[in-house]
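Working notes, structure below.
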Amino acid sequence: MPRHNKLNEVRRSQVLGYGPGAIVDFRVGDLGGGTISGVTAGLDQWDETARPKGMLHSQSIKEPRLQRKLGVNGFRLPPVNDTEDDEKKDQYIHAIRFPTFLICPSCKIIKKFFTWAKGKAGDPQRHCSECTRKKGNEDNKIYVVPARFIMACENGHLDDFPWRHWLGCKCDIDISLKLESIGSSIGLSGLVLRCTKCGLTKSMKGIFNKKTFKGLVCKGKMPWLKKNPNEKKEFFSETCDKVPVALQRGASNLYYPCFLSAISIPPWTSMIFKITGLNFDTFFSPHHNKQDIIDLLKQFRDGPEYDAEKDYEKLKKYSDYLADPAKIDLKWNEYLQFTEQFVDDGLDHSENDKEQFEIRNQNVEGYLANYLNKLVQVVRLREVRALANFKRISEPLNSFNPGKKSQFGKMFNEDPKWRPAIEVKGEGIFISLKEERLKKWENSPSIKKRASKINDHYMNQFGKLTDEGKIKISEEIPYNITPRFLLLHSLSHALISQLSIECGYAQASLRERMYVTEKEGQDMSGILIYTSSSDSEGTLGGLSRQALTKNFENVLKKALEQQEFCSQDPHCIMGIKSESEQLNHAACHSCMLLPETSCELWNRFLDRATIRGTLDGVIKSYFE
């Protein structure tokens, strides 16, 4: 759409959920105005509509560990206007009209957008001139709306619904079609497509069946990416071997944003990073010798007592550390920080800006001493959450693994070396379980067998086998689903539900961060629950205050009591409610499931039996 066709505004935190390739509906104009459906443009165009480009933009942020993990130079906040001056409001994101077929709500004619009547200059709405004329009021136009159905494939491509292919009509492509409701049926069987010339009709029943378009090959269209000026194609496209499926334009499985995040921890919260805004790749490039860098540091922190050479040596250590990807394990590093198990990595973990990270250990005593090893009040934290990829149709495992035989969608033509991200500054609670008790509990044959059922389904869907027939634990498959994993994840959900009651936060404003892995030498059993909303509820200390020993003991007891019974029992605890969800056991919407913004694992890998036991007593609770 041309630059002057302004659609609407969205909150900054919403943009990542509707990133490149996502379809967004806007209401334009006064009451009764037309709906405009657009797909968010790729990152290439973000650089053009929110200048200056790349990391030169003022609305950019850094998180060294996350940058190295994603192989980028930094992150850009979704563009917003920092001034009320209309002449300087030049920060925006492009949306490309999609689908291109629009339908008149009055006459039911469906055709391409450019064939409908235009409004005044700068107005992206289209209207039906014939129906408007019949109504006799040009000031109250009959606006056309986007078609309900579109096509998508698991490789992330989008296309218009093949209306003529579905109908089987051989008439001229410019002949209009009608999509009408006929009869008393309110489902797809009562929705009929008809050619206005030859009269051929066909019900829309069956369009969502995966086998319906088996003979159709995906055209690989990506309308959100900028077209190659040397090609005469309507959309940017690539070769694809997938069979597309029909979806509702607003279907929840049309766009799965994949995030990767990091908590800012010492020494990466050192003031020197805040002062210099350091980019290691350019700072320690071959073009700069030691003295150049020392001179540059003096420009930032010059003073009679300032030792620039000391800071140079310190920063060189940080740069060398980041140069080795094997050393960068986001969650392991954070777990060590929360549990204060510092390793000899050559970094100074005492350097810290308390505006970004502050924790206070609490006494683990009495009732809590039976189950917990650590209880930490997280007074302040900073999280950078970046949009790494997106997926369609089937949920990805994480931001590295799209699933078998499919790929992530493309967010750009040429990698801009930055990713869109939001910055969350909040508070939270960290706990780790008692390792001795945990190992004894998880070695029970019955709980191992129960967890293995989920793990088998999980590996069949996402796993990769080595030449020796063993599951490979990597960034793509970071963990096996073990009794420990099910326990920690289920406990996390139970605590979030109870904390939302105690603190007054909505569940969607709290988020979990799991610390558990099967990697050798990394025995983790931690949960971080923290505020996750960047611009709505803020942080007033209400959550972190619940980490005080007596407060948390009360929270834990109530959380366990709430999970003792579910309104869907006995079907829930027997796993019958989760029969269609092979990656859960005893978990349903009445007990364990949370808003998707709260769970980092798409509400999978949950089992209430781990924290309350089974009805027959075969599976014992960790808290027995």
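The values are calculated or read from the model by the stated rules, or taken from the named source; none is laboratory data. As the structure is a computational prediction, the values presented were derived from the model and not from experiment. Positions of Cβ are backbone-derived with ideal geometry, glycine not excepted, and every protein chain shown enters the neighbour counts. The protein model used for the area step is the full one, side chains on, heavy atoms only, and it has no ligands, DNA or RNA in it. Shrake-Rupley method; radii C 1.70, N 1.55, O 1.52, S 1.80 Å.
General remarks:
- Net charge, residue 251 excluded, C-beta distance under 12 Å - Lys, Arg +1, Asp, Glu -1: +3
- Note on residue 520 and residue 118: the extension gain reaches 138.3 nm, defined as 0.36 nm multiplied by sequence separation minus the Cα-Cα distance.
- Rounded to the nearest 10 Å², the accessible area of residue 516 at probe 1.4 Å: 10
- Relative contact order (%) - the chain, alpha-carbon pairs under 8 angstrom, separation at least six: 12
- Across 355, 395, the residue with the most accessible area heads the list, and the full order at a 1.4 Å probe is 355, 395.
- Exposure ranking of 259, 114 by accessible area [1.4 Å probe, largest first]: 114, 259
- Estimated at 0.36 nm per residue, the fully extended path between residue 414 and residue 319 surpasses their Cα-Cα distance by 31.6 nm.
- The angle separating the long axis of helix 330-339 from the principal Cα axis of greatest extent in the chain is about 40 degrees.
- Surface/4 estimate of mean projected area, convex hull on alpha-carbon atoms of the range 134-233, nm²: 10.1
- The alpha carbons of the range 292-375 occupy a box of 58, 32, 19 Å along the principal axes, longest dimension given first.
- Given charges at beta-carbon only (K, R positive; D, E negative), |dipole| of the chain in Debye: 3160
- Contact order, relative form, for the range 357-428: 36 percent (alpha carbon pairs under 8 Å, 6 or more residues apart, mean separation divided by residue count).
- Of every Cα-Cα pair in the range 101-163, the percent that sits beyond 14 Å: 59
- Set 134/221; 69/620; 391/417; 374/417 screened for pairs whose C-alpha atoms are more than 28 Å apart: 134/221; 69/620; 374/417
- Between the helical axis of 308-323 and the longest alpha-carbon principal axis of the chain there is an angle of about 60 degrees.
- The long axis of helix 549-562 is offset from the longest Cα principal axis of the chain by roughly 50 degrees.
- Coordinate range along principal axes, alpha carbons of the range 168-223, Å, largest first: 36, 28, 22
- List 598, 497, ordered by accessible area with a 1.4 Å probe, largest first: 497, 598
- Mean residue ellipticity at 222 nm, helices only, the chain: -6500 deg cm²/dmol; runs of at least 4 DSSP H residues each add -39,500 (n - 2.57), and the sum is divided by the number of residues.
- Distance between modelled label sites at residue 548 and residue 56, nm, 7 Å Cα→Cβ extension: 5.2
- Carbon-plus-sulfur accessible fraction, the chain (probe radius 1.4 Å, protein heavy atoms only): 47%.
- For the range 548-624, the Kirkwood estimate of hydrodynamic radius, built from reciprocal distances between every pair of different alpha carbons, is 13.2 Å.
- Cross-link pairs exceeding 23 Å between alpha carbons, from the set 135/197; 449/519; 178/410; 434/558; 331/519: 135/197; 178/410.
- In the chain, taking the dipole from charged Cβ atoms about the Cα centre, the farthest positive-side position among 26, 421, 552 is held by 26.
- When you work out D = kT/(6 pi eta Rh) for the range 346-395 at 10 °C and 1.306 mPa s, using the Kirkwood radius from C-alpha pairs as Rh and the Stokes-Einstein form, the result is 107 µm²/s.
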